[in-house]
Amino acid sequence: MKRLRVGFIVNPIAGMGGRVALKGTDGVVDEAIRRGARPVAPEVARLFLSELKHYKETENFEFLTGPGPLGEDYLGEFGFVFDVIGHREIGYREIEGVKIPDTTSEDTKILAREMLGKVDILVFAGGDGTARDVHSVVGKKVPILGVPTGVKMFSGVFAASPESAARVLVEFAKGRARLEERDVMDLDEDAYRRDEVRPKHYGKALTPVVELLVQGAKEPQKVDESEILEAIADAVAEEILSGDGIYFLGAGSTIKRIKDRLGINGTLLGVDVVEVKDGEARLLVKDAAEKDLLRFVDKNPKIVVTVIGGLNFLFGRGNQQFSAEVLRRIPKENIIIVATPSKVESGVIRVYTGDKEVDEKLRGYIRVRVSPWMEKMVRVV
């Protein structure tokens, strides 16, 4: 097997806004830390490299990366062969006692530009913003693969998990991954935090694809399913109101319809905590963070969520408030899934919490409500 030259870029602050209900990190790092967020991208990058190290094919890998927290630190920990593009010295700043690298999107763009013509594939750890930055420089000149560390990750260039990214890279090296043109998308995060969805398509990137290991891109709701969606919302809301209890209502337009039927002023893109008593719903926490959900996990809550169309994710994309710690303490049978038929037509939905034990608990077959009167058994992977 010939040597594979791999570009590796880490956005060290990607994903910090997820668990604290900021729905992204662009421009709000300080606020995320004040809410209790801590860096997640470094650990995800380490998980990717740790998995990659298990493959003997990596003996033929040579990496080109950025200085310090942009890639060098992690590759050094695992003993990979690499060279560093030392475009500048990376400093740190401290916010509320938390040290974070003083990096910007320009660092990503500069490194990607320097890697053009020198690597066979460019792997980055980040979210949609990072994908957009990389694509703005490389276009379709070199294949790119995302290690998912962000919040939304609506683009189709991401592996399903850090472990999946390692496997895809190895399959690419062996010539067994097909190259596809995949959509690069991003949302206006300021609008997103105001419960406004403003997606924008930024072009197509070449991405290595192995079945089930690389996600699709976010898809809009099909117009011809709108009536089914309204009927599902009516039926589920009626069932929720028929008994007392605590509910964690997830994000998305499907669940927002249920929130509206319950008569609460819930969020479109966040998680809300609702109490139902004597046939009435009361909003306890609007746009809840992970810490808010943990306050109620001992009250035997039920989770109501949907599947993200195209991405096929149930947990792990856009709803990181449902963390491994939260899901560990809620029985699988307390998870109510609603989705239109097109969202589950593949027969597979994904979960990724970063905790193997919790992911394993959720795997297997689960019921999905696809109409007011019908459920479908769908495999969770």
Expressed as a whole-number percentage, the relative contact order of the chain with C-alpha contacts under 8 angstrom and at least six residues apart is 14 percent
What does the highest-first list of 339-351, 263-275 look like by mean Cβ count within 10 Å?
263-275, 339-351
GNM of the chain, Cα pairs under 10 angstrom: of Gly91, Gly68, Gly139, the biggest fluctuation goes to Gly91
Find the accessible area per residue for the chain; the probe is 1.4 Å, ligands and nucleic acids are left out, and the unit is Å².
42 Å²
Highest-first arrangement of 283-293, 251-261, where packing means the average Cβ count within 10 Å:
251-261, 283-293
What's the carbon and sulfur percent of the range 36-162's accessible surface, probe 1.4 angstrom, rounded to a whole number?
45 percent
Take each of the peptides 121-134, 92-105, 153-166, average the number of other beta-carbon atoms within 10 Å over its residues, and list them starting from the highest.
121-134, 153-166, 92-105
Pairwise label distance in nanometres, Lys99 with Arg329, each label 7 Å out on the Cα-Cβ vector:
3.1 nm
Calculated from DSSP H runs of 4 or more alone, at -39500 (n - 2.57) each and per residue, what is the 222 nm mean residue ellipticity of the chain, nearest 500?
-7500 deg cm²/dmol
Find the eigenvalues of the gyration tensor of the Cα atoms of the chain, then list the square roots of 5 times those eigenvalues as equivalent ellipsoid semi-axes, largest first, in whole angstrom.
37, 22, 18
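The values are calculated or read from the model by the stated rules, or taken from the named source; none is laboratory data. Everything numeric here is computed off the predicted structure, so don't read it as measured data. As a convention, Cβ positions derive from the backbone with ideal geometry for all residues, glycine included, and neighbour counts pool all protein chains shown. We work out accessible area using only protein heavy atoms, side chains counted, and drop any ligands, DNA or RNA first. Shrake-Rupley method; radii C 1.70, N 1.55, O 1.52, S 1.80 Å.
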